[in-house]
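The values are calculated or read from the model by the stated rules, or taken from the named source; none is laboratory data. Just so it is clear, the model here is predicted, and its values are computed rather than measured. Heads up, the Cβs are rebuilt from the backbone with ideal geometry, glycines too, and the neighbour counts pull from every protein chain shown. We work out accessible area using only protein heavy atoms, side chains counted, and drop any ligands, DNA or RNA first. Shrake-Rupley method; radii C 1.70, N 1.55, O 1.52, S 1.80 Å.
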Amino acid sequence: MAAGQGPHNAGEYIGHHLTNLRFGEGFWTFNLDTILMGWFTGLLGIGAFYLVARRATSGVPGPVQGFVELIVEFVDETVKGVFPGDRKFLAPLALTIFVWVFMMNLMDLLPIDWVATATGAAGLHQWKPVPTTDLNTTFAMSLTIFILTIFFSFKAKGAGGFVHELFTAPFGGHPLLWIPNLVLNIIEYLSKPVSLAMRLFGNMYAGELIFMLLGLLGTLAAVSGGGVVAGAAAGVLYWGWAVFHILIILLQAFIFMVLSCVYIAMAHEHH
């Protein structure tokens with residue numbers, strides 16, 4: 001979230017805040033801010049759940065324990081509606097995805113000028129605090145779901161059943177339909193991780209960009225002498241978008257979790 005203190009050049013301001021702290025060259029380039037913030041938010045979110053679970057008591061739960069239990073039950077019921085089979089693996093995976101993606105998205109509410117000031121004081125002049133605004137993060141997560149989908153397809157159908165389905169579904173087993181079936185199935189398999197990654201990245205990146213544009217709008221109104229009314233209008237838009245963006249953060253975490261569960265559940269189905 002931009003704090004509304006833009007530099008003289010708006011393009012440089014936006015470009016600066018959307019540039020990762022990189023290490024290495026070429027293929028072996030690492031976005032260190034994404035890696036560190038991803039680990040930080042993951043440990044923070046899952047660690048909090050772990051501590052609550054360690055201190056859980058029977059009987060009437062406290063407010064924190066009750067809140068955590070509510071989230072766990074909500075995720076479990078959601079997974080049950082998607083996959084009625086054994087949820088010993090899928091339910092914890094869904095909870096991990098939901099909490100982790102939500103925590104990464106939540107970093108979008110940090111004023112980026114505050115973050116830039118803190119990291120700049122440490123000598124880090126580029127730092128993106130939101131891991132999900134980095135396509136590397138969303139693709140890494142979606143490719144993990146893709147690998148799990150292939151794994152469970154082999155587990156449920158066997159190698160022969162998996163290959164047979166590639167060539168015979170959805171149009172049938174006639175030899176003339178093998179190639180169309182194969183092409184269609186390959187497109188379907190590849191489109192899942194791409195759409196999963198691009199949806200989360202696109203929404204979070206666009207949200208970050210809108211925050212900066214609204215912040216710059218408020219700064220422009222103040223600098224150009226637009227008066228109190230123009231500044232107040234920009235402020236209302238800015239904080240109104242912030243409230244709405246909280247729903248987007250939560251919704252995107254939920255959508256990523258549900259689609260991941262749906263894709264893995266589909267891998268168990270036989271055609």
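To the nearest 0.05, what FRET efficiency results for SER58 and LEU250 with a Förster distance of 22 Å applied to their C-beta separation?
Efficiency, from the Cβ-Cβ distance: 0.15.
For helix 135-168, report the angle its Cα long axis makes with the longest principal axis of the Cα atoms of the chain; keep it between 0 and 90° and round to the nearest 10°.
The angle comes out at about 10 degrees.
Probe 1.4 Å, all protein chains in place: accessible area of TRP241 in Å², nearest 10?
Roll a 1.4 Å probe over it and TRP241 shows about 50 Å².
Which one of ILE150, GLY160, THR119 has its Cα pushed farthest toward the positive end of the charge dipole of the stretch 30-267, where Lys and Arg give +1 and Asp and Glu give -1 at the Cβ?
Of ILE150, GLY160, THR119, it is GLY160.
Roughly how many nanometres apart are two label points built 7 Å out from the Cα toward the Cβ at VAL194 and LEU43?
According to this spin-label approximation, the distance is 3.7 nm.
With n ≥ 4 as the cut-off for DSSP H runs, can you work out [θ] at 222 nm for the chain, using -39500 (n - 2.57) per run divided by the number of residues, rounded to the nearest 500?
About -26000 deg cm²/dmol.
Compute the Rg to Rh ratio over the chain from the alpha carbon atoms, using the Kirkwood formula for Rh, and round to two decimal places.
That ratio is 1.06, to two decimals.
Tilt of helix 178-223 relative to the longest C-alpha principal axis of the chain, in degrees (0 to 90, nearest 10)?
The answer is roughly 10 degrees.
Could you give the longest part of the chain that holds none of the trypsin sites (Lys or Arg not before Pro) found in DSSP loops with at most 15 neighbouring Cβ atoms within 10 Å?
The reported range is 89-271.
For the stretch 79-102 and the stretch 138-169, compute the distance between their C-alpha centroids and round to whole Å.
Using only Cα atoms to place each centre, the spacing works out to 18 Å.
Calculate how steeply helix 32-54 sits against the longest principal axis of the alpha-carbon atoms of the chain, using the helix alpha-carbon long axis, and give the answer as 0 to 90 degrees to the nearest 10.
That helix lies at roughly 70 degrees to the long axis.
Let me check against my output: what whole-number percent is the relative contact order of the chain, with C-alpha pairs under 8 Å and at least 6 apart?
Reported relative contact order: 30 percent.
Might you work out the accessible area of MET198 for me, using a 1.4 Å probe with all protein chains in place, and round it to the nearest 10 Å²?
Taking all protein chains as shown, MET198 has close to 90 Å².
What's the longest piece of the chain with no exposed GluC sites (Glu not before Pro), counting a site as exposed if DSSP puts it in a loop and it has at most 14 other beta carbons within 10 Å?
In short, 26-268.
Which lysines have a Cα less than 27 Å from the Cα of LYS88, not counting those fewer than 8 places away in the same chain?
Filter leaves LYS80, LYS155, LYS157, LYS192.
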